[in-house]
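Heads up: the structure comes next, in structure tokens.
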Amino acid sequence: MKVTKSTSEAYTWGHVCKGWHLVNTKALSVIQEMMPPGTQEVKHRHAITQQFFYILKGQAVFEVEGKEIIINKEEGIHIKANLVHQIKNKTDSPIEFIVISQPHSHGDRILEDE
């Protein structure tokens, strides 16, 4: 079945960030997301879920285990289970990316103290 952003379930997170479920099963989640300038996700980890983020547009900063890593357009980063991580948009432009989670990360998010 053909999948597009316009035919996928949309949601808002962090008040202004947007996401579209391209694949949404217990075993696999593929989401396209958009983060406006100056936004960031809360610092967290997943007990069993691994994730892969691929930047489609812009530049993201990932904090992984306290270290910042810049990921540019057409670059990605693999986040293994139990690694504390956070994505940030420190630029003046929106960023768009794909996040693939295996298995689905719903219910497997553990918030970390700042």
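Between G19, G58, G66, which gets the highest mean-square fluctuation from a Gaussian network model of the chain, Cα cutoff 10 Å?
Most flexible of the set in this elastic network: G66.
Pairs K5/K90; K2/K88; K2/K80; K18/K88; K18/K57: which are spaced more than 21 Å apart, C-alpha to C-alpha?
Exceeds cut-off: K5/K90; K2/K88; K2/K80.
Sort all Cα-Cα distances of the chain into consecutive 10 angstrom bins from zero, then give the percent of pairs in each bin up to the one containing the longest distance.
14, 48, 34, 3, 0
With a cut-off of 20 Å, note down the residues of the stretch 64-100 whose backbone N falls inside the zone around a label point 7 Å from the Cα of D113 toward its beta carbon.
Answer for the stretch 64-100: 64-67, 82-86.
Where a number appears in this text, it was derived from the coordinates with a stated rule and is not lab data. Being a predicted model, the structure only gives us computed values, none of them experimental. Here Cβ is always computed from backbone atoms with ideal geometry, including for glycine, and neighbour counts include all displayed protein chains.
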